[in-house]
Amino acid sequence: MGQNMVQKVISSHLVSGRMNAGEEIAIKIDQTLTQDATGTMAYLQFEAMGIPRVKTELSVSYVDHNTLQTGFENADDHRFLQTIASKHGIFFSKPGNGICHQIHLERFGVPGKILLGSDSHTPTGGGIGMIAIGAGGLDVAVAMGGGPFYLNMPRVVLVRLTGRLRPWVSAKDIILELLRRLTVKGGVGKIFEYGGDGVGTLTVPERATITNMGAELGATTSVFPSDAMTRTFMSAQGRAKQWKRLGADVDAAYDETIDIDLSKLVPLVAQPHSPDNVVEIKSIEGLKVNQVAIGSCTNSSYKDMTTVAKILKGRKVHPETSLAISPGSKQVLNMIARSGALSDMLTAGVRVLETACGPCIGMGQAPASAAVTIRTYNRNFEGRSGTPDAKVYLLSPEAAAFSAIKGVITDPRKIGKPLRVAMPKRFVIDDSMIIPPSRHPEKVEVVRGPNIQPLPRKEPLGDQIAGTVILKVGDNITTDHIMPAGAKILPLRSNIPAIAEHVFERVDPEFAKRAKENNGGFIVGGSNYGQGSSREHAALAPMYLGIRAVITKSFARIHYANLVNFGILPLVFADEADYGQITEGDNITIKDIRAQIRSGAAIKASTASGKGLVLKHSLTPRQVEIILAGGLLNYTVQNNA
């Protein structure tokens, strides 16, 4: 029997383990990317390993999250990132060059390579035929040092696309359809591999939109074959020599198959406050819109921006609606400026933002109180926009543009004749804002601003853990709930004592204070705890506050790994009914914890009331040793000593 595409790529990178679903494997990493919200910590961790130069084929440090410089912190950190990249063999993409995933697709992505990124939307690279996986910064630091990346071998799901999209239905509607069917938990432990004759109708930017939002399914990653469409894109980027054909064998097997007839899809929208709360746009047509934002790593390509410009040409943004655009890269901005598309948008009344993540992570453009804001972004979690009571809807650039004109949510099929945006035969290529590493690293001084505090370390696990349940939360808690982003908090990412004051701030403003008063303790959660961003601060800051274990019904993949990496024990209820028996303020004790974890059997705990608890873990033998060591950094240093 032949191999699917995922098996081909992973088998060629397999360091240890077997490609049986659920078994731990280790894979060699070819490329890494970091962004500035996660990068400073990743590079501090890399420094702590004592390795002078990265050992990957390519590592790139991007600045795209914290470009709003209202104080010295972000600018200082950008200087730190540039100097440490220069010293350790890392390319540096300057602020203003664009969003990491858009640039990596344009300038660095190579079919068949494995990319590990400290951002949950790293799977965008699957649009060009890469296995691209999001992870915590510490995992990326280890990969930069030459270590393999460990994960449980995912199940491989074939998403078989047939037919062709009808006018005004877009790639965004394909991934929203999957979210409608599967929910934000439907991709956990899976890789989505796209196939079928419908694949050939989608451009690389369209494919990247789909793989980008595969993260919202909870998937490990998503990937498209590398075919003639991929070659066309890479040739237009001046990178034809890096292209190779890659796809599944005709007799390849899959763990599951999902069929989507593209010709039957309609424009869709995700309602507040989850990407899987999906309905047909026509069902909520006429809802007044206060703000429209087009961009993010999901929908900021040349094709997206040009499509929006064509819709807006000769029209005006509604007088009671604000429309802001964020081109994904300097390349995109340059090209729409040269073509006249930017002028058409400006004439229509568009506000042009920097080529950066911006409003997607609450970095500027926070909407008015209780406003309806429609966005082409990937997440609409409550409060993520920067306004706690704003209602965020997710939809395609086409629907967003027409809605901005009308001032109400509008089904794009009802307005205008179908339009076509051809991909350019040659993109404008200017890599002057990508700075290569120094040829003389010994002469480079790493510059550290006062906001960069020493990296906190955890002690090895003792024989007993005991403490108070500091907080109990429900299902689908996101990393935005745990460690909020936004213009006020993100600049503190290099200062763990400062950023730790904001842990769970939007859920319980007293959390940090209570954790310190109780000398740490436990967090109890429901299912899919930790979904969303890869931000390891959602584990690192609670570790700093003394959180010893998180007990839930289930975890999201990246956050689970981050908890392990920072020595916080991730446990699940053997009987989910016990979740209802635990209340905030309860005291929990787990004796002989080292022996219990090593045994692999059920873990027995007790509460102050005398009630016994039976808990479980799904740690691999390697992860057990990481927890016992007090985290991955301690474990790595010990094993490399």
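Each residue, Gln464 and Met19, gets one label point 7 Å from its Cα in the Cβ direction; the gap between the two is 4.9 nm.
Structural descriptor for the chain: relative contact order 14 percent, calculated from alpha carbon pairs under 8 angstrom and at least 6 residues apart.
Using the Karplus relation 6.51 cos²θ - 1.76 cosθ + 1.60 with θ = phi - 60°, the per-residue 3J(HN,Hα) values for the range 466-476 come to 8, x, 9, 6, 6, 7, 10, 10, x, 7, 6 Hz, with x marking Gly and Pro.
Stretching Arg338 away from Ala253 to a fully extended chain increases their span by 25.9 nm, per 0.36 nm per residue minus the current alpha-carbon distance.
Rounded to the nearest 20 debye, the dipole size of the chain about its Cα centre is 1500 debye, using +1 on the Cβ of Lys and Arg and -1 on the Cβ of Asp and Glu. Here each label is just a point 7 Å from Cα along the line to Cβ, and for Ala228 and Leu419 those points are 2.8 nm apart.
Just the number, please: percent antiparallel of the DSSP beta bridges in the range 5-264, rounded to the nearest 5. Intermediate results must be reported in sequence, preceding the final value.
Working: 8 of 38 bridges.
Percent antiparallel among DSSP bridges in the range 5-264 is about 20.
A full extension of the chain between Ala577 and Ala487 corresponds to an added length of 28.4 nm, given 0.36 nm per residue minus the alpha carbon distance.
Exposure proxy ranking for Arg535, Arg245, based on other Cβ atoms within 10 angstrom of each Cβ and starting from the fewest, stands as Arg245, Arg535.
Peptides 45-56, 248-259: what's the order by average Cβ count within 10 Å, highest mean first?
The peptides rank, most packed first, as 45-56, 248-259.
Distance from the alpha carbon centroid of the range 540-567 to that of the range 85-138 works out to 25 angstrom. Under a 5 Å amide H cut-off, with hydrogens placed 1.01 Å from N, Ile25 pairs with Leu151, Asn152, Met153 among residues at least 5 apart or on other chains. Using +1 at the Cβ of each Lys and Arg and -1 at the Cβ of each Asp and Glu in the chain, identify which of Ala512, Leu342, Ala37 lies farthest towards the dipole's positive end. Going by the charge dipole, the pick is Leu342. With both residues required to sit in the range 271-414, DSSP beta bridges show an antiparallel share near 5%. Here the peptides 5-12, 576-583 are ranked by packing, the mean other Cβ count within 10 Å, and the order with the highest first is 5-12, 576-583.
Any idea which of Tyr393, Ile25, Val428 is furthest toward the positive side of the dipole for the chain, if Lys and Arg beta-carbons carry +1 and Asp and Glu beta-carbons -1? Farthest along the dipole direction, towards plus: Val428. For each pair in Lys94/Lys417; Lys172/Lys616; Lys288/Lys414, compute the distance between the two Cα atoms and list the pairs where it is over 28 Å. Beyond 28 Å between Cα atoms: Lys94/Lys417; Lys172/Lys616. Applied to the range 524-529, the Karplus parametrisation 6.51 cos²θ - 1.76 cosθ + 1.60 on θ = phi - 60° returns per-residue 3J(HN,Hα) values of 10, x, x, 8, 6, 5 Hz, with x for Gly and Pro.
Taking amide hydrogens as placed 1.01 Å from N in the peptide plane, the amide H of Thr552 sits under 5 Å from those of Gly525, Leu571, Val572, Phe573, each at least 5 positions away in sequence or on another chain. The distance linking the range 422-464 with the range 5-20 is 29 Å (Cα centroid to Cα centroid, whole angstrom). Working ranking of peptides 521-527, 562-568, 209-215 by packing, defined as the average number of other Cβ atoms within 10 Å per residue, highest first, is 209-215, 562-568, 521-527. The alpha carbons of the range 61-201 occupy a box of 50, 37, 27 Å along the principal axes, longest dimension given first.
Hydrodynamic analysis of the range 465-640 uses the Kirkwood radius over alpha carbon pairs. Inserted into Stokes-Einstein at 20 °C and 1.002 mPa s, it gives a translational diffusion coefficient of 133 µm²/s. With q set to 0.23, 0.25 Å⁻¹, the log10 of I(q)/I(0) for the range 154-225, from the Debye formula over equal scatterers at the Cα positions, is -1.02, -1.20. Ordering Ile84, Gly71, His104 by Cα displacement along the dipole of the range 31-178 toward the positive end leaves His104 in first place; charges were set at the Cβ atoms of Lys, Arg (+1) and Asp, Glu (-1). Working from label points 7 Å from Cα in the Cα-to-Cβ sense, the Asp475 to Glu625 distance is 3.8 nm.
Spatially, the range 392-413 and the range 42-66 are offset by 40 Å when compared through their Cα centroids.
Counting only Cα atoms, the range 1-57 measures 45, 23, 21 Å along its principal axes, largest extent leading. Here the range 5-264 is treated with +1 on each Lys and Arg Cβ and -1 on each Asp and Glu Cβ, and its dipole about the Cα centre works out to around 580 debye. DSSP assigns beta bridges within the chain; of those with both partners inside it, close to 35 percent run antiparallel.
Throughout, read-outs are computed from the coordinates displayed, never taken from laboratory work. From a predicted model like this one, the values you see are computed outputs, not experimental measurements. FYI the Cβ positions are ideal-geometry reconstructions off the backbone, even for glycines, and counts take in every protein chain you see.
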